[in-house]
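Trainee: What follows is a structure written as structure tokens; I'll ask about it next.
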Amino acid sequence: MDKKPIGIYIHVPFCAGKCPYCNFYSVEPEGNLINLYTEAVCKEIKSNLGICAVPVDSIYLGGGTPALIEIKNIDKIINTIYKCFPMCNPEITIELNPSCHSAIDFYELKKIGINRVSLGMQSINQHELNKLGRSHTLSDTEKSIYNLREAGIHNISLDIMAATPNQTEADLLKSLNFCTDNFIPHLSVYLLKIEESTKFFKIKDSLSLPDEDTQAKIYLLADHFLTSHGYKHYEISNFCKNDMESKHNLKYWNCDEYLGIGPSAHSFINGKRFFYKNSLSEFIENPFQISDGSGGSLEEYCMLRLRLKDGLNEKDYKMKFGENIPRIFYERAKKYADLGFICLSEHGISLTPKGFLVSNNLISKLIL
């Protein structure tokens with residue numbers, strides 16, 4: 001059987017400044033670092049050709065702030081991928097800040113192959129943007145959306161952060177209404193999580209954060225609002241219209257293969273997981289991939305698939321493992337289905353929006 005196409009993730013580790021909630025690896029783009037990084041990425045893409053030797057149907061440039069490496073370097077990276085791998089109608093995504101409309105030519109992005117953009121909007125409310133350390137404004141978001149569409153890039157995703165300090169339901173609804181009013185096809189709605197090694201973690205006791213019950217209420221509010229406006233809640237944090245799911249992110253949740261390039265980037269290829277260290281200097285001078293063990297086990301597949309609205313599907317499960325979903329999973333799920341956390345059918349097992357809120361706990365009770 002021919003192998004399924006893989007995805008390629010490029011981690012761009014440059015940021016002009018660190019947001020107080022962000023724990024992704026990034027550094028400031030000083031001196032000649034951008035050019036050195038770009039050359040290292042292209043060299044690593046070429047060196048991994050023999051590992052994969054399969055078509056690519058998604059490329060994702062994340063960060064960090066990918067726009068900081070400029071169009072010429074983005075083009076060089078995409079061109080290198082095209083030269084090394086056969087392409088299968090790829091979805092090519094880049095993460096952008098809403099304020100970049102004045103610094104990057106969206107027509108040029110389209111010209112070099114970018115066909116999907118994820119904008120880090122987070123909110124349309126200025127007081128929320130200030131608390132989150134974001135430098136853009138609502139006007140920036142509006143201009144970016146307009147300019148992207150003028151350039152012919154219509155596959156747009158917006159990030160929205162929920163359960164932020166002092167956020168009200170009205171605040172969240174303003175941002176959600178903005179998305180529906182502007183016919184945005186894909187939304188990522190994240191509950192703020194206070195991560196170690198962030199500024200928010202250091203000052204967490206002084207932040208006015210919602211308790212768990214309020215977080216749940218806000219999450220279910222977003223679910224109800226968006227699904228009532230025609231969005232499919234296809235993954236714990238993601239919603240889309242017209243089958244516009246993120247092709248790349250589905251690689252993770254379907255336990256499909258992907259190659260990650262760049263400092264801190266992770267990969268899953270040929271049943272093995274590996275990653276690069278969180279060090280730009282090492283990636284440039286002596287890049288090597290660190291083994292992270294095997295992947296794709298039955299338990300891991302179940303854990304990842306249950307993040308999706310479709311959950312564990314009998315047909316897909318049998319195709320992958322040659323057997324039906326274990327009956328013990330259904331037996332364990334029964335009581336949670338009665339409580340509204342799980343949906344059971346002849347087709348399989350899936351979590352409800354209420355179940356998504358406690359997914360880690362539920363999944364461990366079902367499969368471990």
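Taken together, the values in this text are just the output of simple stated rules run on the coordinates, not laboratory data. No experiment lies behind these values; they were computed from the predicted model shown. Cβ coordinates were reconstructed from backbone atoms using ideal geometry, including for glycine residues, and neighbour counts include every protein chain displayed.
Trainee: Enter the Cα centre distance for the pair segment 11-70 and segment 243-291, rounded to the nearest angstrom.
Mentor: Cα centroid to Cα centroid, the span is 11 Å.
Trainee: Aspartates and glutamates near Lys43 by alpha-carbon distance under 16 Å, same-chain residues fewer than 8 away left out - which ones?
Mentor: Straight-distance partners of Lys43: Asp75, Glu282, Glu285.
Trainee: Moving on to the next point. Obtain the radius of gyration and the Kirkwood radius of segment 149-283 from its C-alpha atoms and give Rg over Rh. Intermediate values should be presented prior to the final figure.
Mentor: Working: Rg = 17.8 Å, Rh = 17.4 Å.
Radius of gyration over Kirkwood radius for segment 149-283 works out to 1.02.
Trainee: DSSP loop (so not H, G, I, E, B), at most 14 other Cβ within 10 Å: list which trypsin sites (Lys or Arg not before Pro) in segment 1-95 pass both filters. Write down the numbers at each step before the final one.
Mentor: On the way: sites: Lys3, Lys18, Lys43, Lys46, Lys72, Lys76, Lys83; in loops: Lys3, Lys18.
Hits after loop and neighbour filter: Lys3.
Trainee: In nm, to one decimal, how far is the modelled label at Thr137 from the one at Ile194, with both set 7 Å along Cα→Cβ?
Mentor: Once both label points are built, they end up 3.2 nm from each other.
Trainee: Which FRET efficiency value, to the nearest 0.05, is calculated for Glu150 and Ile71 with the Förster distance at 22 angstrom and r the Cβ-Cβ distance?
Mentor: Details: r = 17 Å, r/R0 = 0.77.
Between Glu150 and Ile71 the formula returns 0.85.
Trainee: Rg (Å, one decimal) plus Dmax (Å, integer) for the alpha carbons of the chain?
Mentor: 20.7, 60
Trainee: What is the local net charge at Lys309, summed over the other residues whose Cβ is closer than 12 Å to its Cβ (Lys, Arg +1; Asp, Glu -1)? Mind dumping the intermediate values first?
Mentor: Working: positive: Lys232, Arg305, Arg307; negative: Asp223, Glu235, Glu245, Asp310.
It works out to a net charge of -1.
Trainee: Mind checking which helices in the chain clear 20 Å along their axis (Cα) and have mean Kyte-Doolittle hydropathy of 0.0 or more, DSSP H runs only? The partial results should precede the final answer.
Mentor: Working: long enough: 33-47 (21 Å, 0.27); 70-84 (22 Å, -0.18); 212-228 (24 Å, -0.14).
Within the chain the helices that satisfy the rule are 33-47.
Trainee: Once you treat every alpha carbon in segment 229-368 as an equal point and sum by Debye, what is log10 I(q)/I(0) at q = 0.17, 0.22 Å⁻¹?
Mentor: -0.98, -1.31
Trainee: Quote the relative contact order of the chain in percent (integer), defining contacts as alpha-carbon pairs under 8 Å separated by 6+ residues. Intermediate results must be reported in sequence, preceding the final value.
Mentor: Numbers: 634 pairs, mean separation 56.2, N = 368.
Taking the mean separation of contacting Cα pairs over the length of the chain, I get 15 percent.
Trainee: Enumerate by residue number the GluC sites (Glu not before Pro) in segment 286-336 meeting two conditions: DSSP loop (anything except H, G, I, E, B), and at most 14 other Cβ atoms within 10 Å of the site's Cβ. Numbers along the way, then the final one.
Mentor: Numbers: sites: Glu299, Glu300, Glu314, Glu323, Glu331; in loops: Glu323.
Sites meeting the loop and neighbour criteria: Glu323.
Trainee: Exposed loop sites here are chymotrypsin sites (Phe, Trp or Tyr not before Pro) in DSSP loop states with at most 16 other C-beta atoms within 10 Å. What is the longest stretch of the chain lacking them? Don't jump to the answer; show the numbers that get you there.
Mentor: Numbers: sites that count: Phe24, Phe183, Phe288.
It works out to 25-182.
Trainee: I've got another one for you. Rounded if a/c is under 1.5, else prolate if a/b beats b/c, else oblate: with a ≥ b ≥ c from the C-alpha gyration tensor eigenvalues square-rooted, which is segment 65-209? Show your work: numbers first, answer last.
Mentor: Values: a/c = 2.24, a/b = 1.68, b/c = 1.33.
In terms of gyration-tensor shape, prolate.
Trainee: Take the alpha carbon atoms of segment 338-355, find their center, do the same for segment 109-151, and report the distance between the two centers in whole angstrom.
Mentor: Cα centroid to Cα centroid, the span is 35 Å.
Trainee: Here's something else I'd like to know. What is segment 195-249 by shape, rounded, prolate or oblate, if you read a ≥ b ≥ c off the alpha carbon gyration tensor as root eigenvalues and call it rounded for a/c under 1.5, prolate for a/b larger than b/c, and oblate otherwise? Could you put the intermediate results ahead of the total?
Mentor: Details: a/c = 4.28, a/b = 1.76, b/c = 2.43.
Oblate shape, in that a/c is at least 1.5 and b/c is the bigger or equal ratio.
Trainee: How compact is segment 309-368 by the rule of thumb for globular proteins, expressed as Cα Rg over 2.2 N^0.38 Å?
Mentor: Details: Rg = 10.9 Å, N = 60, 2.2 N^0.38 = 10.4 Å.
So the Cα radius of gyration is 1.05 times the expected 2.2 N^0.38 Å.
Trainee: Summing -39500 (n - 2.57) over the DSSP H runs of n ≥ 4 in the chain and dividing by its residue number, what mean residue ellipticity at 222 nm do you reach, to the nearest 500 deg cm²/dmol?
Mentor: Details: 16 runs with 147 residues, N = 368.
Per the formula, -11500 deg cm²/dmol.
Trainee: Find how much the distance from Thr180 to Leu49 grows on full extension, using 0.36 nm per residue of separation minus their present alpha carbon separation; answer in nm with one decimal. Mind dumping the intermediate values first?
Mentor: Details: separation 131, 0.36 × 131 = 47.16 nm, distance 4.14 nm.
Stretched out fully, the Thr180 to Leu49 stretch lengthens by 43.0 nm.
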